[in-house]
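Visitor: Quick one: this structure, given as structure tokens, is what I'll be asking you about.
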Amino acid sequence: MHDFRYVGSKLYCERVSVESLVKRHGTPLYVYSQHTLADHFAKLDAALAPLDHLVCFALKANSNLAVLRTIVNLGGGFDTVSEGELRRVKAAGGDLRKCVFAGVGKTECEIEFALRAGIYCFNAESEPELRRINKVAARLKKIAPVAVRVNPNIDAHTHAKITTGTYENKFGIAFEQVEGVYARASRLKNLRLRGLQMHIGSQLTEVKPFELAVKKVLPLVTKLARKYDFEFFSIGGGLGIVYDPALDSGDAKWWEQPKAKKILTPQSYANTLVPLLKPLGLKILMEPGRFICGNAGILVTRVEYVKRTGKKNFVIVDAAMNDLIRPAFYDSYHQIVPLTKQGGAPVSSDVVGPICESGDYFCKNRPLPKVGEGDHLALLSAGAYGFVMASNYNTRAQAAEVLVSGNKSAVVRARQELPELWAGESVPKWLK
């Protein structure tokens, strides 16, 4: 599942002790395993081998250039949602002809950049967007490749903030309206109808929602493909990962080991979907993010204080919601383990950050090993929607990021210096 494990009493990433990385680079610190990234991509790619396919990594999950370059070297494409993400792919040495451009609010400038760059396809989310793409393409004397994102109205049974495939969400075009949209789009002279796209949500741990969505959309894509000479069908992303537990310490004395949950593997996913998709005869695109990078990263933090009140044991750490917002934003679970395994009975603890918000926490009332000032903790499964969602709230500098490969490591993002936070600001003359 990943390359983080205890060697003796010390937590390692591949063949490098996390403690040694902290000594060199400080905290808060994101640490990524290159082997885990490559292994997860390769397993998904291999599972889809019976299909003509392209795995397009979703940059929104993790856009660090070193992570992207890992995917580039494996032959992957990219799912992007902004000009900035497209430029990141280019900076990482990626092929923009393997990029799809999604998102509900593409600006004319972004559309122009993508057209000039020669992206593989726009995933359009509305008719006004199709008309805008056509207008920009006409001005540039180009033909824009487009696919409509169909909203199949399938409930993925995931968190409300990461479900995307029902009519309550802002994404895509209602299933019943798609045929009419394609008919009208076919009359726009600067569009090429290249395919159809769908995406029903994130962190799905069962294959059934994917199966229901594909079965519902298959007759539609078959009909449209014949009529408009489609090249591809994109089935989106959404494969979930294991958060609880992400690591078995092998020592139940200090940790109440939860029962491992079943997870959707690439092979079980493919065993269900490949037989449905192969008769289409189309190229199949897939847009995973979390599955590839989620378990490949951890966030390491230092214990600053332990504060005991009448009812609570607060472990106050130097990382905060500005570094990893998922627990505050989604009430998400991240397993928390010490860099050095501790003996003794666990203590019910709240792990909290220094930001002046009650929501700045990583866990509440969780049995954790007894720790003190100067100890270090690792928040597991932080490789997706971790640093990429970081902010400078409370004028806090952003963390450093490190990539590990075997026994090698490198800083792939330097720790932000505080003066950088206000370098672009100025005081008007009338205030001086």
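Visitor: So how many residues does the stretch 383-432 have that are farther than 23 Å from Ile292 by Cβ and either among the β-branched types (Val, Ile, Thr) or at pLDDT below 95 (or both)?
Guide: The qualifying residues number 3.
Visitor: Does Gly424 count as over 20 Å from Gly26 (Cα atoms) and of a type in the set (Gly, Ala, Ser)?
Guide: Working: over 20 Å from Gly26 (Cα atoms): yes; of a type in the set (Gly, Ala, Ser): yes.
Here the answer is yes, as Gly424 does meet what is asked.
Visitor: Being among the aliphatic types (A, V, I, L, M) and closer than 22 Å to Tyr12 by Cβ is the filter; apply it to the stretch 28-56 and report the residue that is surrounded by the fewest Cβ atoms within 10 Å (Cβ to Cβ).
Guide: Ala42
Visitor: Let me ask another. What are the pairs with Cβ atoms under 7 angstrom where one residue, in the stretch 315-339, is touching a residue at least 60 places away in the same chain (Cβ under 8 Å) and the other, located anywhere, is part of a loop (DSSP other than H, G, I, E, B) and among the aromatic types (Phe, Trp, Tyr)? Sequence gap at least six, or different chains.
Guide: Arg326/Tyr385; Tyr333/Tyr243; His334/Tyr243; Gln335/Tyr243
Visitor: Could you check, for the stretch 369-390, whether at least one of its residues is farther than 19 Å from Ala246 by Cα, crowded, with 18+ Cβ neighbours inside 10 Å and among the β-branched types (Val, Ile, Thr)?
Guide: Yes, that holds for at least one residue.
Visitor: So which of Arg88, Arg116 ends up being among the basic types (Lys, Arg), surrounded by 17 or more Cβ atoms within 10 Å (Cβ to Cβ) and not assigned by TED's automatic domain parsing to the domain that holds Val404? Reasoning before the result, please.
Guide: Numbers: Arg116 fails: surrounded by 17 or more Cβ atoms within 10 Å (Cβ to Cβ).
Answer to the selection: Arg88.
Visitor: Which of the residues spanning the stretch 160-206 are of a type in the set (Lys, Arg) and at pLDDT 95 or above? Please lay out each step first, then the result.
Guide: Of the residues in the stretch 160-206, the ones of a type in the set (Lys, Arg) are 161, 170, 184, 187, 189, 192, 194.
Once the filter is applied, which keeps residues that are of a type in the set (Lys, Arg) and at pLDDT 95 or above, the stretch 160-206 yields Arg184, Arg187, Lys189, Arg192, Arg194.
Visitor: If we only count strands (runs of 3 or more DSSP E) wholly inside the stretch 1-100, which ones have 1 or more residues that are hydroxyl-bearing (Ser, Thr, Tyr) and in contact with a His (Cβ under 9 Å, 6 or more places away or on another chain)? Explain how you work it out, then say what you get.
Guide: Details: elements: 4-7, 10-13, 29-33, 53-58, 77-80.
Of the strands (runs of 3 or more DSSP E) lying wholly inside the stretch 1-100, those with at least 1 residues that are hydroxyl-bearing (Ser, Thr, Tyr) and in contact with a His (Cβ under 9 Å, 6 or more places away or on another chain) span 29-33.
The values are calculated or read from the model by the stated rules, or taken from the named source; none is laboratory data. Not measured: the values here are computed from a predicted model. Every residue, glycine among them, receives a Cβ derived from its backbone with ideal geometry; neighbour counts consider all protein chains shown.
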